[in-house]
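Undergrad: I am attaching a structure below and will ask some questions about it afterwards.
The values are calculated or read from the model by the stated rules, or taken from the named source; none is laboratory data. Computed from a predicted structure; not experimentally measured. For neighbour counting, all protein chains shown are included, and Cβ atoms are generated from backbone atoms with ideal geometry for every residue, glycine included. The protein model used for the area step is the full one, side chains on, heavy atoms only, and it has no ligands, DNA or RNA in it. Shrake-Rupley method; radii C 1.70, N 1.55, O 1.52, S 1.80 Å.
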Amino acid sequence: MARISTRITDLLGIDVPIIQAPMGWIARSQLAAAVSEAGGLGIIETSSGELDNVKAEIAKMRDLTDKPFGVNIAQAFVRDPGIVDFVVDQGVRFVTTSAGDPTKYTAQLKDAGLTVFHVVPTLQGALKALDAGVDGLVVEGGEGGGFKNPRDVASMVLLPLVAQHTDVPIIAAGGMVDGPTMAAAFALGAEGVQMGTRMVSAAESPVHDNWKQAIVGAAETDTVFLNRHSRPGLRALRTERTTELERQDSVDLGEAFGSVLDLYFGGDLEAGVALTGQVAGRIDAVRPVAEIIDECVAGFHETIARLGRYGAAT
Ligand SMILES: Cc1cc2nc3c(=O)[nH]c(=O)nc-3n(C[C@H](O)[C@H](O)[C@H](O)COP(=O)(O)O)c2cc1C
């Protein structure tokens, strides 16, 4: 497989800078190992709060692949005050922190020798993360699926803005799906991409086929942004339930989420909220992870070769 060498691949010891997004219950060994085996980086979630299961999943990763992988700490969901010790004890080398204050865990993680990237939705957040001492940033545009800053900013604006004011390696998230989007992210200053919705739809993703087919069938307008006027905002698949919730100024998320497991694994899309990004509108089929990654790498090279033909300015 063709490699793409950047500061991200060097730091993480991977072949291509394609990262699978952390996602509660979904980002477990079956999906993450497929991504790491294909040359990218799988990430194991902790946002489910099921740390015993997470521990078992990390052990499974070591059976399934000898390639690197990471773990995410989604701070808003942390119930166990010992989460940093938990992650360090698992022997992982790379952590992304998200949904919270970067000053909270960065020093402790860095002291333990881990590489730390923080997920940011704004320039201000990026500068704060740099002050906290992170090694890099995941810059997440508001078109992405999942929890969001209610004042959402699209990747097209956010990425070059953050890149202009920082010099650490950037992983672009939000709308990343193929070679052209990866090349666009690189043009805007990123050195890697993170895919959430694309990976939910992958063959190795553990979610029910109903959700995957809903992504395949979705138009680019088929997501909703909930809680725009209170916190946290979130982007999810448009269903009858979420179309109702979209009209509310403030959504009680505990109630809105309903039965996560009935939705994720039982396939009842009205049982809860299916976190999904706008890029669902660009996903046409359920594909194995290795195919997604190989095509992305090939499409990246094709895109930059095509752009190279415009040549130097005369
Ligand atoms: C189902 C789902 C669950 C997610 N859960 C998390 C999470 O636990 N932690 C986190 O940092 N981001 C989470 N996210 C956000 C993703 O990490 C990622 O940044 C986002 O999906 C990127 O946009 P995309 O959906 O356009 O690829 C989630 C996204 C989805 C779609």
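Undergrad: Among the residues of the range 170-180, which ones are open to solvent by less than 20 Å² (accessible area, probe 1.4 Å), more than 6 Å from the ligand (Cβ to nearest atom) and either in contact with a Pro (Cβ under 9 Å, 6 or more places away or on another chain) or not in a strand (DSSP E or B) (or both)?
TA: Ile171, Val177, Gly179
Undergrad: Next question, about the same structure. Name the residue that is nearest to the ligand (Cβ to nearest atom), counting only residues in the range 198-219 that are closer than 16 Å to Gln278 by Cβ and either touching a Cys at 6+ places or on another chain (Cβ under 8 Å) or aliphatic (A, V, I, L, M) (or both).
TA: By that ranking, first place goes to Val200.
Undergrad: Could I ask something else about it? Would you pick out the residues in the range 68-83 that are away from the ligand (no atom under 16 Å from the Cβ) and more than 17 Å from Ser29 (Cβ to Cβ)? Working first, answer last.
TA: First, pick out the residues of the range 68-83 that are away from the ligand (no atom under 16 Å from the Cβ): 68, 81-82.
Selection gives Pro81, Gly82.
Undergrad: Restricting attention to the range 236-286, report how many residues are among the hydrophobic types (A, V, I, L, M, F, W, C) and touching a Leu at 6+ places or on another chain (Cβ under 9 Å).
TA: Within the range 236-286, residues that are among the hydrophobic types (A, V, I, L, M, F, W, C) and touching a Leu at 6+ places or on another chain (Cβ under 9 Å) number 14.
Undergrad: Do we have Ala126 as buried (at least 17 other Cβ atoms within 10 Å of the Cβ), under 23 Å from Phe225 (Cβ atoms) and over 16 Å from the mean Cα position of the chain (by Cα) here? Explain how you work it out, then say what you get.
TA: Values: buried (at least 17 other Cβ atoms within 10 Å of the Cβ): yes; under 23 Å from Phe225 (Cβ atoms): yes; over 16 Å from the mean Cα position of the chain (by Cα): yes.
The answer is yes for Ala126.
Undergrad: OK, next. Considering (1) open to solvent by less than 30 Å² (accessible area, probe 1.4 Å); (2) within 16 Å of the ligand (Cβ to nearest atom); (3) farther than 18 Å from Ile292 by Cα, say which one Ala32 fails and leave the rest.
TA: Of (1) open to solvent by less than 30 Å² (accessible area, probe 1.4 Å); (2) within 16 Å of the ligand (Cβ to nearest atom); (3) farther than 18 Å from Ile292 by Cα, only one is false for Ala32: (3).
Undergrad: Within the bounds of the range 151-169, is there any residue that is in a strand (DSSP E or B) and touching a residue at least 40 places away in the same chain (Cβ under 8 Å)?
TA: At the first step, the residues of the range 151-169 found to be in a strand (DSSP E or B) are none.
Within the range 151-169, none of the residues are in a strand (DSSP E or B) and touching a residue at least 40 places away in the same chain (Cβ under 8 Å).
Undergrad: Here are Gly24, Gly49: which of them is on the phi > 0 side of the Ramachandran plot and surrounded by fewer than 24 Cβ atoms within 10 Å (Cβ to Cβ)?
TA: Gly49
Undergrad: Next question, about the same structure. Of all residues in the range 129-148 being in contact with a Pro (Cβ under 9 Å, 6 or more places away or on another chain) and open to solvent by 30 Å² or more (accessible area, probe 1.4 Å), which is nearest to Ala256 (Cα to Cα)?
TA: By that ranking, first place goes to Phe147.
Here's the yes/no breakdown for (1) at pLDDT 95 or above; (2) not polar (S, T, N, Q):
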position	(1), (2)
Gly82	no, yes
Gly91	no, yes
Asp111	yes, yes
Thr122	yes, no
Ala126	yes, yes
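Undergrad: Pairs only if they're at least six apart or on different chains, beta carbon under 6 angstrom, first in the range 1-28 and basic (Lys, Arg), second not in a loop (DSSP other than H, G, I, E, B); list them, first residue then second.
TA: Arg28/Glu57
Undergrad: Applying the selection to the range 262-283, what residues are within 9 Å of the ligand (Cβ to nearest atom) and over 12 Å from Arg241 (Cα atoms)?
TA: Residues of the range 262-283 that are within 9 Å of the ligand (Cβ to nearest atom), as a first pass: 264, 274-280.
Once the filter is applied, which keeps residues that are within 9 Å of the ligand (Cβ to nearest atom) and over 12 Å from Arg241 (Cα atoms), the range 262-283 yields Tyr264, Leu275, Thr276, Gly277, Gln278, Val279, Ala280.
Undergrad: Also, I was wondering about something else. Given Val71, Val95, Val54, which one is open to solvent by less than 50 Å² (accessible area, probe 1.4 Å), within 17 Å of Gln20 (Cβ to Cβ), at pLDDT 95 or above and part of a helix (DSSP H, G or I)? Spell out how you get there, then give the answer.
TA: Values: Val71 fails: part of a helix (DSSP H, G or I); Val95 fails: part of a helix (DSSP H, G or I).
Among Val71, Val95, Val54, only Val54 is open to solvent by less than 50 Å² (accessible area, probe 1.4 Å), within 17 Å of Gln20 (Cβ to Cβ), at pLDDT 95 or above and part of a helix (DSSP H, G or I).
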